[in-house]
1. Pull out the extension gain between A:ASP361 and A:LYS516, defined as 0.36 nm times the separation in residues minus the alpha carbon to alpha carbon distance; nm, one decimal.
2. May I ask you to list the lysines whose Cα is less than 22 Å away from that of A:LYS516, ignoring any residue fewer than eight positions away on the same chain?
3. Aspartates and glutamates within cross-link reach of B:LYS162: Cα-Cα under 18 Å, excluding same-chain residues under 8 positions apart?
4. Would segment A:279-644 count as rounded, prolate or oblate if I go by the C-alpha gyration tensor, calling it rounded below 1.5 in a/c and otherwise prolate when a/b exceeds b/c, oblate otherwise?
5. With angles folded into 0 to 90 degrees, how steeply does helix A:40-52 sit against the dominant principal axis of chain A? Use alpha carbons for both and round to 10.
6. Take every Cα pair under 8 Å in segment A:528-593 that's 6+ residues apart, average their separations, divide by the length, and report that relative contact order as a whole percent.
7. Once you place label points 7 Å from the Cα toward the Cβ at A:ASP101 and A:SER318, how far apart are they in nm?
8. I'd like the Karplus ³J(HN,Hα) series for segment A:426-439: coefficients 6.51, -1.76, 1.60, θ = phi - 60°, whole numbers in Hz, and an x wherever there's a Gly or Pro.
Amino acid sequence: MTRRTVALVCVWTLPSLVFLAATAIAYGSFRIAPPDRLDAAERTAVMAALRAGPGEGAAPGVAPGAAPGGTAVHRSIHGPLAVTVWSGGRSLLRVTAAAADLAAATAAAARQLRDHPAWRTLAPSDRELARLQVDIVTGTGPLGGHSSWFDAVAVPGIADMLAINPGVDGVAAELDGKQVLLLPHELVAARLLAARRPSSVFPDFAMGADVDSIAQLLIARAGVAGGPRPRALVRFRTDSFVEAPGHGPGPAAAPLPAADRAAPLMLYRGIPPAPRLSAQTLRDAALRGGRYLVAHLAPNGRYVYEHDLWTGTASDASRIGGAYSMPRHAGTTYFLAELYRITREPWLLEPIQRAFAHLADLLAQGTCAGTLPDGAAFDCVSDRGEATAALGSTALTVVALAEYQRATGDPHYLPLATKLAAWLLYMQRPDGSFRHLYDIRARKPDENAELLYYSGEAALALARMHAITGEARYAEAAGRALDWLVDWYDFFMAGFFYGEEHWTCIAAEAIWPAVKRDKYMEFCHGYGAFLRAQQPEPGDHPDEDDYAGAYSVTPFVVPYNTPAGSRTEAMISAYLLGKHHGSPDRRVAGQIRAALQYVLAQQVRADSNYNVVGQGDGAIPGSPIDRNIRIDYVQHVCSAMIRASEWVDRDP
Amino acid sequence: MAARRAKQRARPAAAATPTSPSAALRDRRVDRDPRRDPRRDLRRWIYGGLDVAFAAVYAIAIWKVIPNRLPSGMIHLWTFPLATLVMGAGTLLGGRRGWWIAVIGGSAVLLSTVVLIFRIVVSAAFLAGVYGAFGKAAATFALVMVALVVELVALLPIVQVKYLMTRAGRRAHGVP
């Protein structure tokens, strides 16, 4: 072999070998294998031992780490065991015990728990109600941003910004000879996992962990404030589980046998396993969402706009203005009317009327009302003090009022809906498009402003007006609006890119059969295919199987929950539109089921409300790591749930 | 090869004999052949011009289109226009020194490209380790990024360094 041949072979193989070796080294260094999780019996045994320990003390002769009459779970563990006590949704205390054997660590944690002042001062009934969460550290790995060799060779910013798998990884450090842990849920609660703003072009887009603040938090947790910065931070993973709501022994008069008590629930990213998808589960979940919204409707008819589940802080519904969104007020009321139409639950009626009364109150103040050039009376919705009326606020109010009439048959709000619809028709251009903003004082539409969603919402409002009045002018206007929306995609590469078109597909189905056009169905099926490409299936991303069914970009960007709801609303309409045309798309049906299974897990319910402060049952958090609730999160997700409950068991 | 060298050496002697007008024209063409008259090798000027243009485009792109807040990222990105400019300056300067400057500049661009690809590969492996997978979208994006980097950054220095290492490139710069 000549030198030239050797050189050629090296040139063609060495770079690949170097890249391959670098890949293997980086992957192997940072990979923490998924935990070998305890089974239900083992979880129950660990929890019983912890409960036995902190109570009256373990019975004489009972093995360490075992409950009286129970068996200790002997298993070697990689790291410490942490026990968090949740009381009233808040983390009351946490103890940490380290031992090589799980039984020994459990016994040590039980002793610490028994001696902890916060536990001792808790009333027996509160102790019983409190829910214990156990985190067993199962593996550790280096932390990007704190790994000198890797930080030097990685793409700048990646190592520290995406260092932590949010809600799955915890961070630990050695401080003053003591190991200090920040558990995965504690990092989520500290809001340090989506704290970076990587682009100045998108100032609202936040992702990536703030590792420096995490280090500061560890110092504070260790009680060495002002002490040296921890030298070595490590990531760790845990096998986490929490006591089920029915974990207690039951009433003293008729205590539950141990076998009937619910086993502790496995947690992944702080969320227990989802209920199985069925029409009944969806209906129950939608009603839970409805109850959440009703509980967050103030006496004045305005919703408590936001609620933070970690702290219990909520928006002040009596305060006018601020971040409150009138389109969302109308959209949420629309969902409640839809829920009433499908379930006929009587407790929904009064809150719906109260929310409408608030809208009527705003309209009565007459800031945006009058007579159109053709002599028709009009009204449009705007909040107090607003100088501009948005098309979406009025459109969704019409949708909500029409939905109320569809649900109750009561035409009480029809005159109001007609005046609002007159304004929508006025805002439509001859080509079917809409003006989106209206200057109330100048009585003049803004010809230039283009905002998301509004055109689709207006098309739906007109379709719904046709449904309740049967008037052809509404069907004609809705058809023109849909033609404009769908035909907008007549360009090269169309079909590969879509905007947020969920209202378009809802409107396209709502106007059937008054307007029947194949292109609407083709458009919505195409939109479905586009969205499906963003929907991971179980096994696609092994550590992120809990994201399966959501709409996400990559495994390292946590998906938001609302799109899983709003896009599913659209897909339900796309599927029904296909059925109307005689060609239902089964892939769309599968897409809907996957998304609904995902959001069922995300909804706050009895299983998962152990860390919820305030009335959070039925809420849909912003994302698996964002525990803030806004009314429209619940609206979109629960609307999809209740609509799917009508056919999900019946259709293949 | 030795025969070709001998032939080239023999040609000046042949030019001393009287020739027809058409033969004289042919000889002028031969004189313009860069293999015979390296100073007239247009490729030197084409490469030099391309280098300056690419360096300017890189600089504008880094400055305006893909600004990076992280110093290490900025330093790495700026190696591309600077090394390309060095390569262009060397090529346009000519001579033995210019040849060395161009080769070093071109090699620096290539080295920086390889380091960039290495960084992308290692970062992908890191993300797969932390998150359990890299994902189809991210893998596609990373591959497209690498392909674009090769196409937009590496191709010019690859071709140019290859040219500089050939006999024509060396002669064009007066390097034996």
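Each reported figure results from applying straightforward, stated rules to the coordinates on display, with no laboratory input. Just so it is clear, the model here is predicted, and its values are computed rather than measured. Please note: Cβ atoms are built from the backbone with ideal geometry, for glycine as well, and neighbour counts cover all protein chains shown.
1. Working: separation 155, 0.36 × 155 = 55.80 nm, distance 3.79 nm.
Full extension of this stretch gives 52.0 nm more.
2. Within reach: A:LYS579.
3. Counting by Cα, and skipping residues close in sequence, B:LYS162 has these aspartates and glutamates nearby: B:ASP41, B:ASP51, B:GLU151.
4. Values: a/c = 1.66, a/b = 1.16, b/c = 1.43.
Cα axes put segment A:279-644 in the oblate bin.
5. 70
6. On the way: 67 pairs, mean separation 17.3, N = 66.
Computed value for segment A:528-593: 26 percent relative contact order.
7. 6.1
8. Karplus values, whole Hz, x for Gly and Pro: 5, 6, 7, 8, x, 7, x, 6, 10, 7, 9, 10, 9, 7.
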